[in-house]
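Below is one structure, written out as structure tokens; comments come after it.
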Amino acid sequence: MVELRRFVRTPLDAPVSFSPKGSANVYGGRAKDVSVGGMFVETKNPVPFGGEVVIHLRLPQAREELTLPGVVRWVRDGGMGVQFGNLGAKETHEITEVVRRAEIL
């Protein structure tokens with residue numbers, strides 16, 4: 001199989017909360033992988049394809065929770081694939097460090 005992703009994804013198992021953009025509803029799930037480009041969120045409440053979301057996640061060994069804007073690019077039973085929007089320097093650095101540490105192991 002040919003890998004088409006621009007960024008290396010790293011397996012992860014971390015709790016997340018997320019809200020559809022413009023909604024006060026907050027849902028839970030688990031981040032199962034992550035890259036600078038996006039993540040898979042395992043959830044019983046996926047946002048429909050094309051929906052904008054705001055994800056709140058604390059990465060392993062991170063001091064602060066990250067707020068990550070994104071767009072749902074695919075939905076399947078059990079979760080959704082989210083492509084991140086514009087990330088700040090802090091968010092990009094934290095995700096890059098998680099990926100880098102995983103590559104060393």
Strands (runs of 3 or more DSSP E) completely within region 44-91 that count 1 or more residues being among the small types (Gly, Ala, Ser) and in contact with an Asp or Glu (Cβ under 9 Å, 6 or more places away or on another chain): 66-76, 79-84
Residue list for region 1-60, restricted to those being aromatic (Phe, Trp, Tyr) and over 20 Å from residue 91 (Cβ atoms): 27, 49
Selection from region 15-52 of residues that are among the hydrophobic types (A, V, I, L, M, F, W, C) and over 14 Å from residue 87 (Cβ atoms): 16, 18, 24, 26, 31, 40, 41, 47, 49
Candidate set: region 12-31, residues that are within 15 Å of residue 65 (Cβ to Cβ) and hydroxyl-bearing (Ser, Thr, Tyr); chosen: the one farthest from the chain's Cα centre (by Cα): 19
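Conditions tested, residue by residue: (1) hydrophobic (A, V, I, L, M, F, W, C); (2) loosely packed, with under 13 Cβ neighbours inside 10 Å; (3) without any contact (Cβ under 8 Å) to a residue 12 or more places away in the chain.
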site: 50; (1), (2), (3): no, yes, no
site: 68; (1), (2), (3): yes, no, no
site: 95; (1), (2), (3): yes, no, no
site: 100; (1), (2), (3): no, yes, yes
Any chance residue 52 is charged (D, E, K, R), touching a Lys or Arg at 6+ places or on another chain (Cβ under 9 Å), at pLDDT 95 or above and farther than 20 Å from residue 11 by Cβ: yes
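The values are calculated or read from the model by the stated rules, or taken from the named source; none is laboratory data. Because the structure is predicted, anything quoted here is derived from the model rather than measured. Using ideal geometry, Cβ is built from the backbone for each residue, glycine included, and neighbour counts are taken over all protein chains shown.
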